[in-house]
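Presented below is the structure to which this report refers.
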Amino acid sequence: MTATRKIGEEVMKMGTTVIIGGGTMGMRTAVTLRSLLKDERIVIIEKTPIASWAGCPIPYYISGRLPESSVILDSPDDIRKRGIELYENHEVVDIDPDGMRVKVKGGKIDGWMDYDNLVLGLGAIPRRIPILDEIEAENIFHITHAPHGLKLRKFIDEEKPNKVLIVGGGYVGLEMVENLSELGMKISLVEKMEDILPRLPKRLRKKVYDKLKEREVEYHLSTVVEDVEIVGRLVKRVKLSNSRTLDVDLIVVSVGVLPNTKMLKNTKAEFGPLDSLKTNEYMEVMGLEKVYAGGDMVCVKNLITGKEAYYPLGDVANKHGIVTARRIAGKSDLVFKGAIGTSLTGIFGLQIGFTGLTKEEAEKEGFSVETMNLKAFTGHPKMGETTSSDLEVIYDFRDGRILGAFMVGEKCVAQFIDLISTFITMRMKAQEIFDVDYAYAPIGSTVWNPGLLFARKFYSGK
């Protein structure tokens, strides 16, 4: 029997919401929906033993700088105490959107389950490297899910590896370089492209290379793994395309991710870049009824270009979960409009922030582009504890509309980049950036906040 509940003047039917995946998007949907609808049956189907987990802290957990509780956020019992049905170690093997049901395999459920609303939080799968995927070795790891991090931490504790190969020089690759180096391991980094972090401007990227050299990290650019030598169930040596041979005890592969959408291929769902799912602003999957998706499964609108883009980022997934839950609860007051790829990573104390378009991307979109180099300070420059960051701003020289920014520094990079991200998201021009009322005191800022400094230089050239 279906229960009903009044929300304002609307009568909502209480039904069953099935959520596939207990990661960021899935759990945020479940928790938010429970706060909105006390009588809704909420079911989470999670393939692994772990639901309610966070991926970004994993490199820092592996080195011991963060506790396990930063990765595994809630126990299964904690989730159930919230009135959420959780079936861990259960896998959804088929979806029937027309019949509004999913096929589940597991110890407690083995068959079809009906739903009134279906939420897809299947996340992403790691990109693969054929030479490393063709073999079974116990010392090759991908880091895309909490169990991967737990397994790698256990391997390190038991096997005490010394020589490590990191494949991939992106965000997670650099964070793994730092954290495994902190454990005293000798690190080699292999990157297929000509540069690590290729979207970062050259003068800022040099600071990253300087840190790698300072910490004696050996890096190989425009290079791939060509062959491996296996002893028992372990890779002990790799041959690189630059003719170098490296002895290894551990290999961590971090070459990006792809949307985990294969299960939807035989449905009427619409797909975007990299086979990501298309959704509307309420996170409803285009082409399907009563099916929602978010997080690393979906593409979003780039708020600068208006084009579809793929941003597998945790804060985006959290937003998707909130919007999804409110929509299921019958509320249409909140939408997800898009994103601009704002992100942060770091290497050996150096924080690296990104937001918006590169100069080349902005020019390709038809903007009249110039760049401006700025310094951002965490306090008065003559106070001893003050640190500075280097900032490059990409803007349209006709009206001072900021289109992108990249920053490298030791402190407060996220806060400064978030400020620039706000300017970009709100499509603010130099006049509006000038109009903002900025805080100032020598203990925490300079009189020339980066926003005000940009406006000053735009109008005066100094």
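Which entries of Lys262/Lys301; Lys192/Lys301; Lys202/Lys364 have Cα-Cα distances beyond 24 Å here?
Lys192/Lys301
Report the one residue of Val190, Ala293, Val231 whose Cα lies farthest in the direction of the positive end of the charge dipole of segment 159-305 (charges on C-beta: Lys and Arg +1, Asp and Glu -1; origin at the Cα centre). It is Val190. Judged by the gyration tensor of its Cα atoms, with axes a ≥ b ≥ c, the chain is oblate; a/c meets the 1.5 cut and b/c is at least as large as a/b. Between the alpha-carbon centres of segment 163-231 and segment 292-342 there is a gap of 31 Å.
Applying 1/(1 + (r/R0)^6) with R0 = 30 Å to the Cβ-Cβ distance of Val335 and Arg127 gives a FRET efficiency near 0.45. DSSP beta bridges fully contained in the chain are about 65 percent antiparallel. Once both labels are positioned 7 Å from their Cα atoms along Cα-to-Cβ, the gap between Ala137 and Asp98 label points is 4.7 nm. Need the C-alpha centroid separation for segment 83-160 versus segment 39-71, integer Å. If you average the Cα positions of each part, the centres end up 13 Å apart. Overall size of segment 349-460 from C-alpha positions, given as principal axis extents largest first: 44, 31, 22 Å.
Among Ile20, Ile156, what is the fewest-to-most ranking by other Cβ atoms within 10 Å?
Ile156, Ile20
Long hydrophobic helices in the chain: none of the complete DSSP H runs spans 27 Å or more by Cα along its own axis with mean Kyte-Doolittle hydropathy of at least -1.0.
Put in line by how crowded their Cβ is, counting other Cβ atoms within 10 Å and starting with the fewest, Ser75, Ser254 read Ser75, Ser254.
Per residue of the chain, the DSSP helices (runs of n ≥ 4 H) give a summed -39500 (n - 2.57) that works out to -7500 deg cm²/dmol at 222 nm.
Straight-line reach from Lys163: taking Cα to Cα under 16 Å and skipping same-chain neighbours fewer than 8 places apart, the aspartates and glutamates in range are Glu138, Glu178, Glu182, Glu216, Glu218, Glu229, Asp247, Asp249. Going 7 Å from the Cα of Lys151 toward and past its Cβ, which residues in segment 38-66 have a backbone nitrogen under 12 Å from where you end up? Within reach of a label on Lys151, which here means backbone N under 12 Å from a point 7 Å along Cα→Cβ, segment 38-66 contributes 48-49.
Output the pairs from Lys186/Lys411; Lys160/Lys236; Lys151/Lys265; Lys151/Lys211; Lys307/Lys457; Lys211/Lys411 with a Cα-Cα distance over 19 Å in this structure; if there are none, say none. Mind dumping the intermediate values first?
On the way: Lys186/Lys411 27 Å; Lys160/Lys236 14 Å; Lys151/Lys265 31 Å; Lys151/Lys211 29 Å; Lys307/Lys457 31 Å; Lys211/Lys411 16 Å.
Flagged as over cut-off: Lys186/Lys411; Lys151/Lys265; Lys151/Lys211; Lys307/Lys457.
Going by the alpha-carbon gyration tensor, a ≥ b ≥ c the square roots of its eigenvalues, is segment 128-255 rounded (a/c under 1.5) or, if a/c is not under 1.5, prolate (a/b greater than b/c) versus oblate? It is prolate, given that a/c is not under 1.5 and a/b is the larger ratio.
Fewest-first ordering of Leu277, Leu183 by other beta carbons within 10 Å of each residue's beta carbon gives Leu183, Leu277.
Coordinate-derived values only; no laboratory data. All of these numbers come straight from a predicted model, not from anything done at the bench. Every residue, glycine among them, receives a Cβ derived from its backbone with ideal geometry; neighbour counts consider all protein chains shown.
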